[in-house]
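Q: This structure is in structure tokens; I'll ask about it shortly.
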Amino acid sequence: MIKNYFKTAWRNLMKYKLYSFLNIAGLTVGILCSCLIFLYVTDELSYDNYNPLAERTYRINFFGKFGERAVSSAQSPAPAGPLFKREMPQVEEMCRLLPNGRSIVKYENTSFNESNVLFADSSLFRVFNFPLLQGNAATALTEPNTAVMSVTMAKKYFGISDAIGRTIKLDNDKLYKITAVMKDIPANTHFKCDMFLSMASVEDSRADNWGSTNYATYLVLKEGTNTEQFSKTMTQSFIKHFSAVLKQYLNTTWEEFTKSGNYARLELFPLQKIHLYSQLEDELDVNGDIKYVYIFSIVGILILALACINFINLTTARASKRAKEVGIRKVAGATRSGLARQFLGECFFISIQSWILALTLAWLLLPFFNQLAGKQFSAGNIFSWQFLPASFLITVVTGLLAGLYPALFLSSFTPVKVLKGAKEISQSKSLLRNGLVVFQFFITTVLLVSAFVVYKQLEYIRNKNLGFDKEQVLVVNDGYLLGNNVQAFKQRLLQLPSVSNVSVTNILAVSKDANNTSIIKGRNPSTENTVLVNNMWVDADFVKTMGIQIVQGRDVSKINVSDSTAVLINEELAKSFGYPSKPVIGQEIGLPQDEGKLSMYNIVGVMKDYNYGSLHSKIGPLVLFPNGSANFINVKCKTTQITSLISLLETAWKEMAPGQPFSYNFLDEKFAQIYETENRIGKITGVFTVIAIIIACMGLLGLVTFMAEQRRKEIGIRKVLGAGTFTITSLMAKDFIKLVLVSVVFAFPVAWYGMSKWLNDFAYRIEMQWWMFALIALAALVIALLTVSFQAIKAAVANPVKSLRTE
């Protein structure tokens with residue numbers, strides 16, 4: 001019997017090749033997309049789950065409000081973790097991580113730029129499950145100036161994995177001894193690190209400083225700990241120490257601080273939720289977002305639903321072709337359940353073929369998918385014991401969903417009626433098919449609107465006037481490696497005809513992370529006079545290099561000696577001084593130092609507000625302090641021969657910083673990296689939209705092809721009576737166009753609501769306008785019309801003699 005089922009299924013596939021192709025292709029694409037999305041979603045949900053202590057591990061987050069500024073940081077004060085470990089019995093283990101920023105690591109004559117370097121407490125391996133290949137986890141990071149490398153990094157520097165006892169130089173002046181080699185950290189960890197340095201090497205880590213939040217602090221709590229109550233206890237301890245900071249630096253009490261509407265607290269956050277649920281300042285890496293996991297999961301289900309709808313529509317539409325087969329089988333003794341099993345088996349047969357094709361395509365398309373999703377999946381992930389059963393289950397469910405209704409429908413035919421030639425396909429079945437077509441184009445239209453809005457928002461971000469000129473700015477990294485030659489290097493660059501300006505800064509002109517500090521308006525520290533600001537330390541050429549507009553006062557002068565304490569502030573900060581109704585120029589600000597002292601600076605100019613951070617947030621207060629560390633050298637170019645300029649810069653660098661790695665970026669590229677997630681979402685949405693359109697058009701093509709076959713004699717008679725090609729094409733197309741219009745009407749409110757929610761994440765965003773929806777409606781109609789017209793015109797131009805020869 002089973003052999004007979006397979007024979008029948010195979011004969012039907014071969015007999016109706018076009019429909020077979022459309023069914024298999026549609027299911028293949030649907031299973032392919034759902035499997036790849038399943039791979040992505042399961043990976044996103046797996047972050048930090050490999051850690052056996054993950055369920056009891058929490059990070060301490062800091063939340064505060066100072067004046068008009070609210071702060072939400074993934075970092076906490078240096079003494080918080082060690083104090084809670086000593087004084088609170090609920091804490092089983094504690095570990096702090098401190099980013100080292102860009103690091104220059106040198107071994108003998110080999111130097112590399114490394115960005116994944118962290119300082120860590122000696123308890124690192126008791127909190128995180130990073131297996132060591134060599135060395136002792138208990139003692140690896142206990143001593144100052146010791147380090148633990150990943151095996152990949154060890155091979156990179158030493159050519160072998162045996163690195164214990166070797167010494168490296170960090171940032172040209174610090175020697176670190178390798179005490180252990182660990183396996184590479186899993187990719188599904190919420191931070192990246194190739195080398196851990198001992199926290200004992202950082203003097204600040206032992207300071208009793210409760211006024212700064214620079215350390216990512218993790219606590220492993222004992223089983224049964226009430227985390228909500230523990231957060232309150234933790235905050236009470238923090239307030240006790242933070243009150244002393246307020247008294248010392250702001251001359252105020254905690255009561256006065258909170259009475260002004262300010263607050264400061266610590267909260268526990270689960271380790272397993274960091275990657276998808278945490279979007280705070282000072283994250284150790286760019287995190288994912290749970291809402292995109294939900295969106296992609298829904299999109300995967302919808303695309304699979306599109307493929308299933310295609311299958312149902314094409315199978316039920318072709319029901320009349322198999323009606324007599326059903327009648328004969330029933331007369332010969334077949335039961336309805338037996339026929340249903342046969343037709344369901346045929347569906348599973350097609351589903352298995354689609355599954356095999358989908359796995360093959362997934363393997364071939366994996367590099368493209370990795371680039372699209374920002375992942376590092378391999379063939380091993382696709383053919384793993386976890387993925388194969390899951391993908392097969394998706395296939396079985398797909399086959400069941402796609403085949404159950406057609407199987408029940410086909411097996412329900414009455415043999416007497418179908419053998420007499422009576423039609424068994426009722427109006428309700430046509431209504432069902434029409435409803436499924438509407439649903440298909442509803443999904444497609446929603447995706448079209450979403451892709452278009454995402455594209456317009458990203459275009460808006462790329463083209464928005466940020467208040468400074470990010471174009472043609474080449475950034476030379478690690479300027480401090482020049483040592484005393486920084487100014488000489490700058491002057492060398494200024495002599496190049498292809499360079500218009502050069503500026504030295506401590507951070508980039510645009511960054512996704514805030515660099516917050518408190519300043520005092522005037523010389524009297526108090527809660528009312530304290531403002532939390534973003535700050536940069538720049539030389540006197542920064543404003544000119546970046547093309548920033550001065551709206552009041554003047555720029556800092558390189559010639560005026562008194563400008564060594566001159567600062568520029570933006571309009572947002574100037575408002576707190578009474579700008580524009582009150583003069584701001586000449587007023588003072590104080591920068592708190594140790595022991596309650598203030599370093600005083602004079603305001604010489606007010607800059608027009610510019611977006612130094614992400615467009616997700618409104619522009620906050622900003623101060624440009626004079627000089628500072630030379631981390632970045634910003635070169636304003638006035639040439640299209642960038643390659644030649646880079647070569648000249650590298651030559652000058654090698655002369656003035658011999659043996660040091662030369663590294664550069666473009667400022668507009670750094671700006672684009674801030675929106676890496678959004679750009680990726682835009683690409684993925686675009687790809688899925690195209691796939692949804694293809695599947696929907698395949699279904700539409702199958703239906704119109706079948707309709708053309710069914711109405712072949714009608715079309716022949718109409719042509720004989722004088723109907724033209726346009727008339728016949730319009731006759732066949734109008735019903736489908738109506739269905740598309742109905743789907744558009746239902747899709748627009750859903751798409752508008754969903755994209756409004758997405759756009760609300762941006763402080764600066766586009767407004768959705770009527771013409772956008774009109775354009776999408778037109779696009780949907782054109783797509784449907786082109787699909788229908790192709791087959792309709794083919795039927796309309798056919799010779800009527802062929803269709804009427806039997807009459």
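The values are calculated or read from the model by the stated rules, or taken from the named source; none is laboratory data. Please read all numbers here as calculations on a predicted model, not as lab measurements. Backbone-built Cβ (ideal geometry, glycine too); neighbour counts: all protein chains shown. These area figures cover heavy atoms from the full protein model, side chains too; ligands, DNA and RNA do not enter into them. Shrake-Rupley method; radii C 1.70, N 1.55, O 1.52, S 1.80 Å.
Q: Of (1) assigned to a loop (DSSP other than H, G, I, E, B); (2) exposed (fewer than 14 other Cβ atoms within 10 Å of the Cβ); (3) charged (D, E, K, R), GLU669 satisfies all except one. Which?
A: (1)
Q: Then there is this: State whether the residues of the stretch 76-86 include one that is open to solvent by less than 30 Å² (accessible area, probe 1.4 Å) and of a type in the set (D, E, K, R).
A: Within the stretch 76-86, not a single residue is open to solvent by less than 30 Å² (accessible area, probe 1.4 Å) and of a type in the set (D, E, K, R).
Q: Return the total of residues in the stretch 613-644 being surrounded by 22 or more Cβ atoms within 10 Å (Cβ to Cβ) and more than 18 Å from ALA540 (Cβ to Cβ).
A: The total comes to 1.
Q: Looking only at the stretch 481-505, which residues are within 16 Å of SER663 (Cα to Cα) and touching a helix residue (DSSP H, G or I) at 6+ places or on another chain (Cβ under 8 Å)?
A: LEU482, VAL486, PHE489, LEU493, VAL504, THR505
Q: Looking at (1) open to solvent by 10 Å² or more (accessible area, probe 1.4 Å); (2) modelled with pLDDT under 90, which is the one condition that is false for LYS232?
A: Looking at each condition in turn, LYS232 falls short on (2).
Q: Take the stretch 168-201 and flag every residue that is open to solvent by less than 70 Å² (accessible area, probe 1.4 Å), of a type outside the set (Gly, Ala, Ser) and not in a loop (DSSP other than H, G, I, E, B).
A: Just the residues of the stretch 168-201 that are open to solvent by less than 70 Å² (accessible area, probe 1.4 Å), to begin with: 168, 170-172, 176, 178-182, 185-186, 188-191, 193-201.
Still in the list and also of a type outside the set (Gly, Ala, Ser): 168, 170-172, 176, 178-179, 181-182, 185-186, 188-191, 193-197, 199.
Within the stretch 168-201, ILE168, LEU170, TYR176, ILE178, THR179, VAL181, MET182, MET195, PHE196, LEU197, MET199 meet the criteria.
Q: Regarding the stretch 237-249, can at least one residue be identified that is among the hydroxyl-bearing types (Ser, Thr, Tyr), outside any strand (DSSP E or B) and open to solvent by less than 40 Å² (accessible area, probe 1.4 Å)?
A: Filtering the stretch 237-249 for residues among the hydroxyl-bearing types (Ser, Thr, Tyr) gives 237, 243, 249.
From what is left, the residues that are outside any strand (DSSP E or B) are 237, 243, 249.
Narrowing the set further to residues that are open to solvent by less than 40 Å² (accessible area, probe 1.4 Å) leaves 237, 243.
Scanning the stretch 237-249, I find at least one residue that is among the hydroxyl-bearing types (Ser, Thr, Tyr), outside any strand (DSSP E or B) and open to solvent by less than 40 Å² (accessible area, probe 1.4 Å), so the answer is yes.
Q: Still on this structure, I have one more. Looking at SER34, SER76, which is the one that is polar (S, T, N, Q), closer than 20 Å to ILE356 by Cα and at pLDDT 75 or above?
A: On the way: SER76 fails: closer than 20 Å to ILE356 by Cα.
Only one candidate qualifies: SER34.
Q: Checking the conditions here, which among ALA140, ALA154, ALA216 is part of a loop (DSSP other than H, G, I, E, B), of a type in the set (A, V, I, L, M) and open to solvent by less than 30 Å² (accessible area, probe 1.4 Å)?
A: Details: ALA154 fails: part of a loop (DSSP other than H, G, I, E, B); ALA216 fails: part of a loop (DSSP other than H, G, I, E, B).
Exactly one of ALA140, ALA154, ALA216 is part of a loop (DSSP other than H, G, I, E, B), of a type in the set (A, V, I, L, M) and open to solvent by less than 30 Å² (accessible area, probe 1.4 Å), namely ALA140.
Q: Might you let me know whether the stretch 563-577 holds any residue that is without any contact (Cβ under 8 Å) to a residue 40 or more places away in the chain, of a type outside the set (Gly, Ala, Ser) and assigned to a loop (DSSP other than H, G, I, E, B)? Break it down into steps so the answer makes sense when it comes.
A: Kept after step one, since they are without any contact (Cβ under 8 Å) to a residue 40 or more places away in the chain, are these residues of the stretch 563-577: 571, 574-575.
Filter once more, keeping what is of a type outside the set (Gly, Ala, Ser): 571, 575.
Within this subset, residues satisfying the condition of being assigned to a loop (DSSP other than H, G, I, E, B) are none.
No, the stretch 563-577 contains no residue that is without any contact (Cβ under 8 Å) to a residue 40 or more places away in the chain, of a type outside the set (Gly, Ala, Ser) and assigned to a loop (DSSP other than H, G, I, E, B).
Q: Let me ask another. Could you go through the stretch 118-136 and let me know if any residue there is at pLDDT below 90 and either farther than 21 Å from THR213 by Cβ or surrounded by 20 or more Cβ atoms within 10 Å (Cβ to Cβ) (or both).
A: Quick first cut of the stretch 118-136, residues at pLDDT below 90 only: 129.
Filter again for either farther than 21 Å from THR213 by Cβ or surrounded by 20 or more Cβ atoms within 10 Å (Cβ to Cβ) (or both), leaving 129.
Yes, the conditions are met somewhere in the stretch 118-136.
Q: Of the residues GLU44, GLU92, GLU55, only one is modelled with pLDDT of 90 or more, assigned to a helix (DSSP H, G or I) and open to solvent by 30 Å² or more (accessible area, probe 1.4 Å); which? I'd like the intermediate steps shown before the answer.
A: Numbers: GLU44 fails: open to solvent by 30 Å² or more (accessible area, probe 1.4 Å); GLU92 fails: assigned to a helix (DSSP H, G or I).
Step by step, each of GLU44, GLU92, GLU55 is checked, and only GLU55 is modelled with pLDDT of 90 or more, assigned to a helix (DSSP H, G or I) and open to solvent by 30 Å² or more (accessible area, probe 1.4 Å).
Q: Take the residues in the stretch 25-81 that are among the acidic types (Asp, Glu) and farther than 16 Å from MET94 by Cα; name whichever of them is farthest from the chain's Cα centre (by Cα). Let's see the steps before the verdict.
A: Pass one, the stretch 25-81, residues among the acidic types (Asp, Glu): 43-44, 48, 55, 68.
Narrowing the set further to residues that are farther than 16 Å from MET94 by Cα leaves 43-44, 48, 68.
Working: ASP43: 13, GLU44: 11, ASP48: 18, GLU68: 29 Å.
My answer is GLU68.
Q: Mind listing whichever residues of the stretch 363-390 are open to solvent by less than 30 Å² (accessible area, probe 1.4 Å) and aromatic (Phe, Trp, Tyr)?
A: Looking only at the stretch 363-390, we keep the residues that are open to solvent by less than 30 Å² (accessible area, probe 1.4 Å), and these are 366, 369-370, 372-373, 375, 377, 382, 384, 387, 390.
Scanning the stretch 363-390 gives PHE369, PHE377, PHE387.
Q: Does the stretch 537-548 contain at least one residue that is farther than 26 Å from GLN487 by Cβ, in contact with a strand residue (DSSP E or B) (Cβ under 7 Å, 6 or more places away or on another chain), in a strand (DSSP E or B) and open to solvent by 10 Å² or more (accessible area, probe 1.4 Å)? Break it down into steps so the answer makes sense when it comes.
A: So the first thing to find is which residues in the stretch 537-548 are farther than 26 Å from GLN487 by Cβ, and the list is none.
The answer is no, given that none of the residues of the stretch 537-548 is farther than 26 Å from GLN487 by Cβ, in contact with a strand residue (DSSP E or B) (Cβ under 7 Å, 6 or more places away or on another chain), in a strand (DSSP E or B) and open to solvent by 10 Å² or more (accessible area, probe 1.4 Å).
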